[in-house]
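Please read the structure below before turning to the comments.
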Amino acid sequence: MRNHAQIQFVQAILLCQSVYSFGETFAGTKPSEAFFDEGLPGGLQLLQLSAQKNDEGRTGGKKKPNVLFILADDLGFANVGYLREGNHVKSREVQTPVIDDLAKTGVRLNRMYVHYMCSPTRSAIQSGRAPINVNVLNSYIYNHNPEDPVGGYAGIPRNMTGLAELMRRGGYDTHYVGKWDAGAATPDHSPAGRGYDTSLHYFGHSNDAWTFNIEDVMCSSSPVADLFEMSSQTPFPGRPATWLQNPDSCTDQVQDGCMYEDEIFAEKVQAIIQEHNEASPFFIFWAPRVAHGPLQVPENTLSKFSFVDYDKRRIYTSMVNWLDTRIGYVVQLLKDRNMYENTLIIFSSDNGGPVDAGANNFPLRGGKYSNFDGGIRVPSFVSGGFVPEVRRGSWHDGLMAAWDWYATLAGLAQVDHTDHKAAAAGLPATDSFDLWPTLSTWDYESPRTELVLGNAKGGYAGRHEGSTVVGGLIWPPYKLVLGAADGYGESVSLWSAPIAPNASSTGFFTSRPDAVCGRTPQNGCLFNIWEDEGEHNNLAQSQPGLFEELVARADEMQKTVYSPVRGQDGDSTKFLDFCKANIEWGRFYMRPW
(Lines give C-alpha, C1' and ligand atoms only; values in the text may rest on other atoms or scores of the structure.)
Protein backbone atom coordinates (compact mmCIF):
# COMPACT_ATOMS: atom_id res chain seq x y z
CA MET A 1 0.00 0.00 0.00
CA ARG A 2 1.33 3.42 -0.92
CA ASN A 3 2.20 5.78 1.91
CA HIS A 4 0.46 9.13 1.34
CA ALA A 5 3.02 11.02 3.44
CA GLN A 6 5.84 9.72 1.20
CA ILE A 7 3.99 10.81 -1.93
CA GLN A 8 3.40 14.28 -0.47
CA PHE A 9 7.11 14.55 0.35
CA VAL A 10 8.13 13.73 -3.23
CA GLN A 11 5.59 16.20 -4.59
CA ALA A 12 6.95 18.88 -2.26
CA ILE A 13 10.51 18.26 -3.49
CA LEU A 14 9.42 18.57 -7.10
CA LEU A 15 7.54 21.76 -6.35
CA CYS A 16 10.52 23.27 -4.55
CA GLN A 17 12.79 22.38 -7.48
CA SER A 18 10.40 24.06 -9.90
CA VAL A 19 10.14 27.20 -7.76
CA TYR A 20 13.94 27.32 -7.46
CA SER A 21 14.37 26.97 -11.22
CA PHE A 22 11.97 29.76 -12.01
CA GLY A 23 12.57 31.96 -8.99
CA GLU A 24 12.92 35.07 -11.12
CA THR A 25 9.42 34.50 -12.49
CA PHE A 26 7.97 34.63 -8.96
CA ALA A 27 9.78 37.82 -7.99
CA GLY A 28 7.16 40.42 -7.09
CA THR A 29 4.31 38.11 -8.19
CA LYS A 30 1.60 36.59 -6.00
CA PRO A 31 1.61 32.78 -6.15
CA SER A 32 -1.97 32.76 -7.44
CA GLU A 33 -0.98 35.09 -10.28
CA ALA A 34 2.12 33.09 -11.15
CA PHE A 35 0.39 29.75 -11.39
CA PHE A 36 -2.39 31.04 -13.65
CA ASP A 37 -0.33 33.27 -15.95
CA GLU A 38 -0.53 31.92 -19.52
CA GLY A 39 2.83 33.52 -20.24
CA LEU A 40 4.72 31.29 -17.83
CA PRO A 41 7.71 29.24 -18.98
CA GLY A 42 6.89 25.73 -20.12
CA GLY A 43 8.04 24.13 -16.88
CA LEU A 44 5.60 26.12 -14.78
CA GLN A 45 2.79 25.60 -17.29
CA LEU A 46 3.39 21.88 -16.88
CA LEU A 47 3.39 22.30 -13.10
CA GLN A 48 0.11 24.20 -13.35
CA LEU A 49 -1.51 21.49 -15.47
CA SER A 50 -0.26 18.85 -13.05
CA ALA A 51 -1.75 20.75 -10.12
CA GLN A 52 -5.06 21.15 -11.92
CA LYS A 53 -5.18 17.45 -12.69
CA ASN A 54 -4.39 16.66 -9.07
CA ASP A 55 -7.23 18.94 -7.94
CA GLU A 56 -9.65 17.17 -10.28
CA GLY A 57 -8.47 13.85 -8.88
CA ARG A 58 -9.12 15.01 -5.33
CA THR A 59 -12.72 15.91 -6.12
CA GLY A 60 -13.47 12.97 -8.38
CA GLY A 61 -13.95 15.27 -11.37
CA LYS A 62 -16.66 17.22 -9.51
CA LYS A 63 -16.65 20.86 -8.58
CA LYS A 64 -15.61 21.81 -5.06
CA PRO A 65 -18.06 20.27 -2.59
CA ASN A 66 -20.38 22.05 -0.23
CA VAL A 67 -19.28 21.21 3.30
CA LEU A 68 -21.61 20.77 6.27
CA PHE A 69 -19.62 20.19 9.47
CA ILE A 70 -21.78 19.08 12.42
CA LEU A 71 -19.98 19.18 15.77
CA ALA A 72 -22.22 17.75 18.49
CA ASP A 73 -21.50 18.69 22.09
CA ASP A 74 -20.69 16.08 24.78
CA LEU A 75 -22.04 13.17 22.71
CA GLY A 76 -21.30 9.79 24.26
CA PHE A 77 -19.80 6.90 22.31
CA ALA A 78 -22.80 4.68 23.04
CA ASN A 79 -25.41 7.41 22.51
CA VAL A 80 -25.72 6.79 18.77
CA GLY A 81 -27.32 3.67 17.37
CA TYR A 82 -24.74 2.66 14.77
CA LEU A 83 -22.01 2.26 17.40
CA ARG A 84 -24.30 0.29 19.69
CA GLU A 85 -25.05 -2.09 16.82
CA GLY A 86 -21.33 -2.56 16.29
CA ASN A 87 -20.94 -3.53 19.95
CA HIS A 88 -24.10 -5.68 19.98
CA VAL A 89 -25.83 -3.63 22.69
CA LYS A 90 -28.80 -2.14 20.87
CA SER A 91 -31.25 -0.27 23.08
CA ARG A 92 -34.62 1.31 22.31
CA GLU A 93 -33.51 4.27 24.43
CA VAL A 94 -31.03 5.28 21.75
CA GLN A 95 -33.02 6.50 18.74
CA THR A 96 -30.78 8.15 16.13
CA PRO A 97 -32.05 6.85 12.76
CA VAL A 98 -30.80 9.80 10.69
CA ILE A 99 -27.29 9.77 12.18
CA ASP A 100 -27.18 6.00 11.78
CA ASP A 101 -28.22 6.15 8.13
CA LEU A 102 -25.66 8.86 7.35
CA ALA A 103 -22.94 6.84 9.07
CA LYS A 104 -23.84 3.61 7.30
CA THR A 105 -23.94 5.25 3.87
CA GLY A 106 -20.69 7.11 4.45
CA VAL A 107 -17.34 6.26 6.03
CA ARG A 108 -17.42 5.53 9.75
CA LEU A 109 -14.27 6.82 11.42
CA ASN A 110 -13.49 4.30 14.10
CA ARG A 111 -10.42 6.06 15.50
CA MET A 112 -11.30 9.74 15.55
CA TYR A 113 -9.71 11.46 18.54
CA VAL A 114 -10.38 14.85 20.14
CA HIS A 115 -9.47 16.63 23.37
CA TYR A 116 -11.36 15.61 26.49
CA MET A 117 -13.34 18.87 26.83
CA CYS A 118 -15.00 21.55 24.77
CA SER A 119 -12.85 24.61 24.12
CA PRO A 120 -9.57 22.82 23.32
CA THR A 121 -11.23 20.63 20.68
CA ARG A 122 -12.99 23.60 19.12
CA SER A 123 -9.80 25.64 19.16
CA ALA A 124 -7.95 22.72 17.57
CA ILE A 125 -10.45 22.28 14.72
CA GLN A 126 -10.59 25.98 13.89
CA SER A 127 -6.78 26.39 14.01
CA GLY A 128 -5.47 23.06 12.67
CA ARG A 129 -3.33 22.36 15.71
CA ALA A 130 -3.22 19.79 18.46
CA PRO A 131 -4.47 21.30 21.73
CA ILE A 132 -0.92 21.32 23.12
CA ASN A 133 -0.10 23.82 20.36
CA VAL A 134 -3.13 26.08 20.68
CA ASN A 135 -5.21 25.65 23.86
CA VAL A 136 -5.77 22.99 26.53
CA LEU A 137 -8.00 25.09 28.81
CA ASN A 138 -11.66 25.86 29.32
CA SER A 139 -10.74 29.40 30.41
CA TYR A 140 -13.42 31.86 31.41
CA ILE A 141 -14.33 34.05 28.45
CA TYR A 142 -13.47 37.28 30.28
CA ASN A 143 -9.92 36.19 31.17
CA HIS A 144 -7.16 38.46 29.84
CA ASN A 145 -3.42 38.85 30.39
CA PRO A 146 -2.51 42.34 29.08
CA GLU A 147 1.19 41.46 29.05
CA ASP A 148 0.59 39.03 26.17
CA PRO A 149 -1.34 40.70 23.32
CA VAL A 150 -1.22 37.51 21.19
CA GLY A 151 -1.97 34.61 23.51
CA GLY A 152 -3.13 36.27 26.72
CA TYR A 153 -6.79 35.36 26.21
CA ALA A 154 -9.09 32.35 26.24
CA GLY A 155 -9.24 30.21 23.12
CA ILE A 156 -7.20 30.59 19.94
CA PRO A 157 -4.32 33.12 19.93
CA ARG A 158 -5.04 36.21 17.87
CA ASN A 159 -2.55 35.57 15.08
CA MET A 160 -3.54 32.05 14.10
CA THR A 161 -5.37 31.67 10.78
CA GLY A 162 -8.87 30.26 11.12
CA LEU A 163 -10.28 27.36 9.12
CA ALA A 164 -12.95 29.58 7.58
CA GLU A 165 -10.29 32.00 6.36
CA LEU A 166 -8.86 29.14 4.28
CA MET A 167 -12.27 28.16 2.98
CA ARG A 168 -13.03 31.76 2.04
CA ARG A 169 -9.76 31.89 0.07
CA GLY A 170 -10.99 28.81 -1.77
CA GLY A 171 -14.14 30.62 -2.89
CA TYR A 172 -16.50 29.35 -0.19
CA ASP A 173 -19.35 31.20 1.49
CA THR A 174 -18.64 30.59 5.17
CA HIS A 175 -21.21 30.36 7.96
CA TYR A 176 -21.01 29.54 11.68
CA VAL A 177 -24.04 28.44 13.69
CA GLY A 178 -24.14 27.37 17.34
CA LYS A 179 -21.61 27.13 20.14
CA TRP A 180 -18.27 28.88 19.49
CA ASP A 181 -16.15 28.48 22.65
CA ALA A 182 -12.87 29.30 20.90
CA GLY A 183 -12.27 32.81 22.20
CA ALA A 184 -14.16 36.10 22.58
CA ALA A 185 -11.79 38.70 23.98
CA THR A 186 -11.35 40.80 20.82
CA PRO A 187 -12.99 40.99 17.39
CA ASP A 188 -10.14 38.83 16.10
CA HIS A 189 -11.35 36.03 18.38
CA SER A 190 -14.95 36.02 17.09
CA PRO A 191 -16.25 33.83 14.25
CA ALA A 192 -16.21 36.91 12.03
CA GLY A 193 -12.59 37.51 12.96
CA ARG A 194 -11.75 33.91 12.05
CA GLY A 195 -13.19 34.10 8.55
CA TYR A 196 -16.90 33.39 8.83
CA ASP A 197 -19.06 35.60 6.59
CA THR A 198 -22.08 35.10 8.84
CA SER A 199 -22.66 33.66 12.26
CA LEU A 200 -25.39 33.08 14.80
CA HIS A 201 -23.71 31.76 17.90
CA TYR A 202 -22.97 31.94 21.60
CA PHE A 203 -19.43 32.53 22.78
CA GLY A 204 -19.16 30.56 26.01
CA HIS A 205 -19.08 27.01 27.34
CA SER A 206 -22.71 26.55 28.35
CA ASN A 207 -25.94 28.45 28.64
CA ASP A 208 -29.61 27.95 29.31
CA ALA A 209 -31.59 26.63 26.34
CA TRP A 210 -34.59 28.87 27.04
CA THR A 211 -33.21 32.09 28.55
CA PHE A 212 -29.85 31.91 26.70
CA ASN A 213 -28.19 33.02 29.96
CA ILE A 214 -24.56 32.11 30.54
CA GLU A 215 -24.41 29.37 33.15
CA ASP A 216 -23.01 30.45 36.53
CA VAL A 217 -22.29 34.09 35.53
CA MET A 218 -24.06 36.98 37.28
CA CYS A 219 -23.52 40.73 36.92
CA SER A 220 -24.98 42.84 39.73
CA SER A 221 -27.08 39.84 40.77
CA SER A 222 -28.53 39.54 37.26
CA PRO A 223 -27.82 36.94 34.57
CA VAL A 224 -26.21 37.69 31.21
CA ALA A 225 -27.55 36.26 27.94
CA ASP A 226 -25.16 34.99 25.27
CA LEU A 227 -26.40 35.05 21.68
CA PHE A 228 -24.59 36.91 18.92
CA GLU A 229 -25.16 37.55 15.22
CA MET A 230 -23.04 38.60 12.25
CA SER A 231 -24.38 39.13 8.73
CA SER A 232 -23.77 41.25 5.64
CA GLN A 233 -26.03 43.91 7.17
CA THR A 234 -24.15 43.95 10.48
CA PRO A 235 -21.00 45.97 11.20
CA PHE A 236 -17.96 43.79 11.97
CA PRO A 237 -17.73 41.76 14.17
CA GLY A 238 -21.47 41.50 14.85
CA ARG A 239 -23.95 42.39 17.56
CA PRO A 240 -26.03 40.78 20.32
CA ALA A 241 -29.07 39.05 18.82
CA THR A 242 -31.48 40.75 21.22
CA TRP A 243 -34.49 40.35 18.92
CA LEU A 244 -34.33 36.56 19.33
CA GLN A 245 -34.63 36.68 23.11
CA ASN A 246 -37.48 34.68 24.60
CA PRO A 247 -39.97 36.24 27.02
CA ASP A 248 -38.74 36.35 30.61
CA SER A 249 -41.30 33.70 31.54
CA CYS A 250 -39.59 31.00 29.45
CA THR A 251 -37.99 28.15 31.39
CA ASP A 252 -37.65 24.42 31.01
CA GLN A 253 -40.94 24.15 32.90
CA VAL A 254 -42.72 26.91 30.90
CA GLN A 255 -42.10 26.29 27.19
CA ASP A 256 -45.26 27.56 25.49
CA GLY A 257 -44.51 30.52 23.23
CA CYS A 258 -40.77 29.96 23.67
CA MET A 259 -38.03 29.01 21.22
CA TYR A 260 -35.57 26.26 22.11
CA GLU A 261 -32.11 27.68 21.44
CA ASP A 262 -31.03 24.78 19.26
CA GLU A 263 -34.22 25.23 17.22
CA ILE A 264 -33.03 28.75 16.42
CA PHE A 265 -29.72 27.31 15.27
CA ALA A 266 -31.30 24.49 13.23
CA GLU A 267 -33.62 26.91 11.47
CA LYS A 268 -30.66 29.17 10.72
CA VAL A 269 -28.82 26.31 9.04
CA GLN A 270 -31.88 25.57 6.93
CA ALA A 271 -32.25 29.24 6.00
CA ILE A 272 -28.62 29.41 4.87
CA ILE A 273 -29.10 26.37 2.63
CA GLN A 274 -32.43 27.60 1.31
CA GLU A 275 -31.02 31.01 0.37
CA HIS A 276 -27.63 29.80 -0.89
CA ASN A 277 -26.54 30.90 -4.37
CA GLU A 278 -24.95 27.86 -5.98
CA ALA A 279 -22.50 29.99 -7.93
CA SER A 280 -20.11 29.28 -5.05
CA PRO A 281 -19.91 26.37 -2.59
CA PHE A 282 -20.87 26.77 1.06
CA PHE A 283 -19.03 25.86 4.24
CA ILE A 284 -21.43 25.62 7.17
CA PHE A 285 -20.05 24.84 10.61
CA TRP A 286 -23.04 23.78 12.73
CA ALA A 287 -22.19 23.34 16.41
CA PRO A 288 -25.41 22.45 18.27
CA ARG A 289 -25.76 22.96 21.99
CA VAL A 290 -26.96 19.34 22.28
CA ALA A 291 -26.09 17.43 24.40
CA HIS A 292 -24.25 19.76 26.80
CA GLY A 293 -25.78 20.76 30.09
CA PRO A 294 -27.95 22.18 31.43
CA LEU A 295 -29.98 19.13 30.36
CA GLN A 296 -33.03 20.68 28.69
CA VAL A 297 -35.24 19.60 25.80
CA PRO A 298 -38.68 20.44 24.35
CA GLU A 299 -41.42 18.59 26.19
CA ASN A 300 -42.84 16.97 23.04
CA THR A 301 -39.55 15.14 22.55
CA LEU A 302 -39.06 14.27 26.21
CA SER A 303 -42.51 12.69 26.39
CA LYS A 304 -41.48 10.07 23.82
CA PHE A 305 -38.97 8.68 26.32
CA SER A 306 -41.19 8.34 29.38
CA PHE A 307 -40.20 4.66 29.57
CA VAL A 308 -36.61 5.57 30.57
CA ASP A 309 -36.48 5.19 34.34
CA TYR A 310 -33.71 7.67 35.23
CA ASP A 311 -34.17 11.43 34.78
CA LYS A 312 -30.71 12.42 33.54
CA ARG A 313 -30.56 9.55 31.08
CA ARG A 314 -34.09 10.26 29.83
CA ILE A 315 -33.38 13.95 29.18
CA TYR A 316 -29.97 13.31 27.64
CA THR A 317 -31.35 10.62 25.32
CA SER A 318 -34.22 12.92 24.33
CA MET A 319 -31.81 15.72 23.46
CA VAL A 320 -29.81 13.47 21.15
CA ASN A 321 -33.01 12.25 19.48
CA TRP A 322 -34.14 15.88 19.04
CA LEU A 323 -30.87 16.71 17.26
CA ASP A 324 -31.12 13.61 15.08
CA THR A 325 -34.52 14.77 13.83
CA ARG A 326 -33.20 18.25 12.96
CA ILE A 327 -30.24 16.78 11.10
CA GLY A 328 -32.83 14.87 9.12
CA TYR A 329 -34.63 18.10 8.20
CA VAL A 330 -31.37 19.62 6.96
CA VAL A 331 -30.43 16.54 4.92
CA GLN A 332 -33.87 16.48 3.31
CA LEU A 333 -33.56 20.15 2.39
CA LEU A 334 -30.21 19.47 0.72
CA LYS A 335 -31.88 16.74 -1.32
CA ASP A 336 -34.89 18.91 -2.16
CA ARG A 337 -32.55 21.60 -3.50
CA ASN A 338 -30.52 19.02 -5.45
CA MET A 339 -27.46 19.94 -3.42
CA TYR A 340 -26.93 16.68 -1.53
CA GLU A 341 -24.93 14.95 -4.27
CA ASN A 342 -22.21 17.58 -4.09
CA THR A 343 -22.19 17.96 -0.31
CA LEU A 344 -19.70 16.47 2.14
CA ILE A 345 -21.15 16.00 5.63
CA ILE A 346 -18.69 15.69 8.51
CA PHE A 347 -20.05 14.58 11.88
CA SER A 348 -18.22 14.42 15.19
CA SER A 349 -18.52 15.04 18.90
CA ASP A 350 -16.22 17.54 20.57
CA ASN A 351 -15.35 15.16 23.41
CA GLY A 352 -16.55 12.02 25.10
CA GLY A 353 -19.84 11.92 26.94
CA PRO A 354 -20.05 13.19 30.55
CA VAL A 355 -21.00 10.05 32.45
CA ASP A 356 -22.28 12.10 35.41
CA ALA A 357 -24.78 13.89 33.14
CA GLY A 358 -26.60 11.05 31.41
CA ALA A 359 -24.09 10.06 28.70
CA ASN A 360 -22.73 6.58 28.03
CA ASN A 361 -19.36 5.65 26.49
CA PHE A 362 -19.67 1.83 26.58
CA PRO A 363 -17.44 -0.12 26.02
CA LEU A 364 -14.76 2.51 26.54
CA ARG A 365 -13.10 3.49 29.79
CA GLY A 366 -13.64 7.02 31.09
CA GLY A 367 -15.57 10.02 29.81
CA LYS A 368 -15.40 13.78 29.47
CA TYR A 369 -12.38 15.25 31.36
CA SER A 370 -10.35 12.07 30.90
CA ASN A 371 -7.61 10.97 28.51
CA PHE A 372 -8.89 7.43 28.66
CA ASP A 373 -10.62 6.65 25.38
CA GLY A 374 -14.10 7.37 26.73
CA GLY A 375 -13.08 11.02 26.95
CA ILE A 376 -11.31 11.41 23.63
CA ARG A 377 -12.48 8.77 21.12
CA VAL A 378 -15.78 9.94 19.65
CA PRO A 379 -18.56 9.09 17.21
CA SER A 380 -17.53 10.45 13.82
CA PHE A 381 -18.11 9.86 10.12
CA VAL A 382 -18.17 11.49 6.71
CA SER A 383 -21.24 11.15 4.52
CA GLY A 384 -23.19 12.87 1.78
CA GLY A 385 -23.23 12.47 -1.99
CA PHE A 386 -19.67 13.73 -2.34
CA VAL A 387 -18.28 10.60 -0.66
CA PRO A 388 -17.09 8.30 -3.48
CA GLU A 389 -19.28 5.25 -3.99
CA VAL A 390 -16.31 2.95 -3.52
CA ARG A 391 -16.04 4.06 0.14
CA ARG A 392 -19.70 4.26 1.10
CA GLY A 393 -20.78 1.89 3.83
CA SER A 394 -17.24 1.29 5.09
CA TRP A 395 -15.30 1.65 8.32
CA HIS A 396 -11.92 3.34 8.62
CA ASP A 397 -9.66 2.17 11.45
CA GLY A 398 -6.73 4.52 10.82
CA LEU A 399 -5.67 7.05 13.45
CA MET A 400 -7.23 10.49 12.98
CA ALA A 401 -7.53 13.71 14.96
CA ALA A 402 -10.20 16.39 14.86
CA TRP A 403 -7.59 19.00 13.93
CA ASP A 404 -6.86 17.04 10.74
CA TRP A 405 -10.04 18.52 9.24
CA TYR A 406 -8.12 21.79 8.81
CA ALA A 407 -5.72 20.41 6.20
CA THR A 408 -8.35 18.08 4.75
CA LEU A 409 -10.81 20.87 4.01
CA ALA A 410 -8.06 23.20 2.82
CA GLY A 411 -7.11 20.50 0.34
CA LEU A 412 -10.67 20.19 -0.94
CA ALA A 413 -10.84 23.97 -1.20
CA GLN A 414 -7.53 23.80 -3.10
CA VAL A 415 -5.68 26.25 -0.84
CA ASP A 416 -2.41 26.01 1.06
CA HIS A 417 -2.94 25.62 4.80
CA THR A 418 0.50 26.90 5.84
CA ASP A 419 -0.09 29.55 8.50
CA HIS A 420 2.30 32.38 7.62
CA LYS A 421 0.53 34.83 9.93
CA ALA A 422 1.16 32.61 12.94
CA ALA A 423 4.78 32.03 11.95
CA ALA A 424 5.37 35.77 11.81
CA ALA A 425 4.05 36.05 15.37
CA GLY A 426 6.26 33.23 16.62
CA LEU A 427 3.31 30.86 17.16
CA PRO A 428 3.34 27.08 16.60
CA ALA A 429 2.79 25.80 13.06
CA THR A 430 -0.21 23.71 12.10
CA ASP A 431 0.06 19.97 12.69
CA SER A 432 -2.86 18.83 10.58
CA PHE A 433 -2.91 16.00 8.01
CA ASP A 434 -4.98 15.83 4.84
CA LEU A 435 -7.26 12.81 5.33
CA TRP A 436 -9.09 12.96 2.01
CA PRO A 437 -6.85 10.54 0.07
CA THR A 438 -7.41 7.85 2.71
CA LEU A 439 -11.14 8.62 3.04
CA SER A 440 -11.91 8.73 -0.67
CA THR A 441 -10.02 5.65 -1.90
CA TRP A 442 -8.67 2.34 -0.61
CA ASP A 443 -5.13 3.16 -1.76
CA TYR A 444 -3.73 5.05 1.21
CA GLU A 445 -3.28 4.48 4.90
CA SER A 446 -4.01 7.30 7.33
CA PRO A 447 -1.14 9.80 7.15
CA ARG A 448 -1.30 10.22 10.94
CA THR A 449 1.03 7.80 12.73
CA GLU A 450 1.13 9.51 16.14
CA LEU A 451 -1.19 11.60 18.28
CA VAL A 452 -0.05 13.63 21.28
CA LEU A 453 -2.67 14.00 24.01
CA GLY A 454 -3.02 17.31 25.80
CA ASN A 455 -3.76 18.11 29.41
CA ALA A 456 -3.45 20.93 31.91
CA LYS A 457 -1.27 20.74 34.99
CA GLY A 458 -3.57 19.67 37.78
CA GLY A 459 -5.85 17.71 35.45
CA TYR A 460 -9.52 18.40 36.09
CA ALA A 461 -8.68 20.91 38.84
CA GLY A 462 -6.40 22.82 36.45
CA ARG A 463 -8.78 22.93 33.49
CA HIS A 464 -9.33 26.72 33.73
CA GLU A 465 -5.77 28.05 34.15
CA GLY A 466 -3.24 25.21 34.43
CA SER A 467 -0.11 25.19 32.27
CA THR A 468 0.03 22.98 29.18
CA VAL A 469 1.32 19.44 29.67
CA VAL A 470 1.53 16.38 27.47
CA GLY A 471 -1.06 13.94 28.82
CA GLY A 472 -0.07 10.92 26.81
CA LEU A 473 0.64 9.56 23.39
CA ILE A 474 -1.11 7.29 20.89
CA TRP A 475 1.41 5.33 18.85
CA PRO A 476 -0.69 2.63 17.12
CA PRO A 477 -1.50 0.17 18.41
CA TYR A 478 -0.26 1.47 21.76
CA LYS A 479 -1.39 4.28 24.00
CA LEU A 480 0.44 5.93 26.89
CA VAL A 481 -1.54 7.89 29.50
CA LEU A 482 0.27 10.32 31.82
CA GLY A 483 -1.83 11.61 34.70
CA ALA A 484 -1.64 15.37 35.24
CA ALA A 485 -3.37 15.65 38.59
CA ASP A 486 -1.59 15.41 41.94
CA GLY A 487 -0.04 11.99 42.35
CA TYR A 488 -0.26 11.39 38.57
CA GLY A 489 -4.00 11.02 38.76
CA GLU A 490 -6.04 10.55 35.57
CA SER A 491 -9.69 11.50 35.96
CA VAL A 492 -12.87 9.49 35.27
CA SER A 493 -11.31 6.04 35.54
CA LEU A 494 -14.49 4.00 35.20
CA TRP A 495 -16.50 1.90 32.77
CA SER A 496 -20.16 2.37 31.89
CA ALA A 497 -22.58 -0.52 31.70
CA PRO A 498 -24.54 -0.81 28.43
CA ILE A 499 -27.49 0.97 30.09
CA ALA A 500 -26.13 3.69 32.37
CA PRO A 501 -26.05 5.89 34.36
CA ASN A 502 -28.83 5.06 36.79
CA ALA A 503 -29.83 6.04 40.30
CA SER A 504 -27.46 3.58 41.96
CA SER A 505 -24.40 4.73 39.98
CA THR A 506 -24.79 8.52 40.07
CA GLY A 507 -22.59 9.14 43.09
CA PHE A 508 -19.77 7.04 41.70
CA PHE A 509 -19.88 8.77 38.31
CA THR A 510 -20.06 12.25 39.84
CA SER A 511 -16.93 11.61 41.92
CA ARG A 512 -14.82 11.19 38.74
CA PRO A 513 -12.49 8.61 40.35
CA ASP A 514 -8.80 8.87 39.47
CA ALA A 515 -6.41 6.18 38.34
CA VAL A 516 -2.67 6.54 38.93
CA CYS A 517 -0.88 6.89 35.58
CA GLY A 518 2.69 7.71 36.53
CA ARG A 519 6.06 7.83 34.81
CA THR A 520 7.59 4.50 35.71
CA PRO A 521 6.66 0.97 34.59
CA GLN A 522 5.58 0.27 38.17
CA ASN A 523 2.91 2.99 38.29
CA GLY A 524 2.40 3.77 34.60
CA CYS A 525 -0.49 3.24 32.16
CA LEU A 526 0.15 1.60 28.79
CA PHE A 527 -2.44 -0.14 26.63
CA ASN A 528 -2.82 -1.83 23.28
CA ILE A 529 -6.03 -0.01 22.37
CA TRP A 530 -6.45 -1.74 19.02
CA GLU A 531 -6.81 -5.09 20.83
CA ASP A 532 -8.07 -3.82 24.21
CA GLU A 533 -10.38 -0.90 23.44
CA GLY A 534 -11.69 -0.79 27.01
CA GLU A 535 -8.17 -0.22 28.39
CA HIS A 536 -8.45 -3.05 30.89
CA ASN A 537 -5.02 -4.66 30.45
CA ASN A 538 -2.17 -2.40 31.60
CA LEU A 539 1.06 -3.34 29.78
CA ALA A 540 3.43 -0.91 31.54
CA GLN A 541 5.09 -3.53 33.72
CA SER A 542 5.18 -6.28 31.11
CA GLN A 543 6.66 -3.99 28.41
CA PRO A 544 8.90 -1.57 30.36
CA GLY A 545 11.11 -0.80 27.35
CA LEU A 546 8.19 0.33 25.22
CA PHE A 547 6.75 2.30 28.13
CA GLU A 548 10.01 4.18 28.70
CA GLU A 549 10.39 4.86 24.97
CA LEU A 550 6.94 6.47 24.82
CA VAL A 551 7.58 8.49 27.99
CA ALA A 552 10.78 9.79 26.41
CA ARG A 553 8.85 10.76 23.28
CA ALA A 554 6.24 12.55 25.41
CA ASP A 555 9.01 14.41 27.23
CA GLU A 556 10.45 15.51 23.90
CA MET A 557 7.06 16.86 22.83
CA GLN A 558 6.70 18.66 26.16
CA LYS A 559 9.64 20.90 25.25
CA THR A 560 7.67 22.65 22.50
CA VAL A 561 4.13 22.96 23.95
CA TYR A 562 2.35 26.29 23.75
CA SER A 563 1.51 27.49 27.25
CA PRO A 564 0.69 31.20 27.51
CA VAL A 565 -0.59 32.88 30.65
CA ARG A 566 -4.19 33.66 29.70
CA GLY A 567 -5.23 35.54 32.83
CA GLN A 568 -6.44 34.29 36.17
CA ASP A 569 -9.89 33.07 37.08
CA GLY A 570 -11.62 35.40 39.46
CA ASP A 571 -9.77 38.51 38.20
CA SER A 572 -12.17 41.12 39.58
CA THR A 573 -11.03 43.93 37.25
CA LYS A 574 -11.60 41.88 34.08
CA PHE A 575 -14.91 40.59 35.40
CA LEU A 576 -16.15 44.11 36.18
CA ASP A 577 -15.20 45.27 32.67
CA PHE A 578 -17.09 42.30 31.30
CA CYS A 579 -20.18 43.15 33.37
CA LYS A 580 -20.12 46.82 32.46
CA ALA A 581 -20.17 46.04 28.74
CA ASN A 582 -22.96 43.53 29.15
CA ILE A 583 -25.15 45.90 31.16
CA GLU A 584 -24.76 48.51 28.40
CA TRP A 585 -26.11 45.97 25.92
CA GLY A 586 -29.18 45.10 27.97
CA ARG A 587 -27.47 42.21 29.76
CA PHE A 588 -26.51 40.49 26.53
CA TYR A 589 -22.99 39.19 26.23
CA MET A 590 -20.72 41.80 24.69
CA ARG A 591 -17.00 42.21 25.15
CA PRO A 592 -15.77 45.79 25.84
CA TRP A 593 -14.48 46.12 22.27
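The values are calculated or read from the model by the stated rules, or taken from the named source; none is laboratory data. Keep in mind it's a predicted model, so treat the numbers as computed, not measured. All Cβ positions, glycine included, derive from the backbone under ideal geometry; neighbour counts span all protein chains shown. Heavy atoms of the whole protein, side chains included, go into the accessibility calculation; ligands, DNA and RNA do not. Shrake-Rupley method; radii C 1.70, N 1.55, O 1.52, S 1.80 Å.
Odds and ends about this structure:
- Cα centroid of the range 210-272 to Cα centroid of the range 138-202, whole Å: 19 Å
- Counting Lys and Arg as +1 and Asp and Glu as -1 over every other residue whose Cβ lies under 14 Å from the Cβ of residue 518, the net charge comes to -4.
- Tensor-based shape of the range 127-257 (alpha-carbon gyration tensor, a/c under 1.5 rounded, otherwise prolate or oblate): oblate
- Per-residue SASA entry for residue 272, accessible area with 1.4 Å probe, Å² rounded to 10: 20 Å²
- Cut-off 15 Å, label 7 Å out along Cα→Cβ of residue 558, residues of the range 443-466 by amide N: 453-459
- Calculated FRET efficiency for the pair residue 239/residue 216, C-beta based, R₀ 25 Å, to 0.05: 0.55
- Counting only protein heavy atoms and a probe of 1.4 Å, the accessible surface of the range 311-355 is 44% carbon and sulfur.
- Rounded to the nearest 0.05, the FRET efficiency derived from the C-beta distance between residue 461 and residue 307 at R0 = 41 Å is 0.60.
- For the range 146-211: rounded, prolate or oblate by the Cα gyration tensor [a/c cutoff 1.5]: oblate
- Rounded percent of accessible protein surface that carbon and sulfur make up, the range 358-469, 1.4 Å probe: 52 percent
- Taking 0.36 nm per residue of sequence separation and removing the Cα-Cα distance, the residue 441/residue 277 pair yields an extension gain of 56.0 nm.
- Average accessible surface area per residue within the range 53-185, 1.4 Å rolling probe, Å²: 27 Å²
- Pairwise FRET efficiency - residue 336 versus residue 537, Cβ, R0 = 60 Å, nearest 0.05: 0.75
- Accessible area per residue for the range 306-355 is 31 Å², calculated with a 1.4 Å probe on protein heavy atoms, without ligands, DNA or RNA.
- For residue 563, the accessible surface of its heavy atoms amounts to roughly 50 Å² (probe 1.4 Å, protein chains only, rounded to the nearest 10).
- Taking label points 7 Å from Cα along the Cα-to-Cβ direction, residue 424 and residue 63 give a separation of 3.3 nm.
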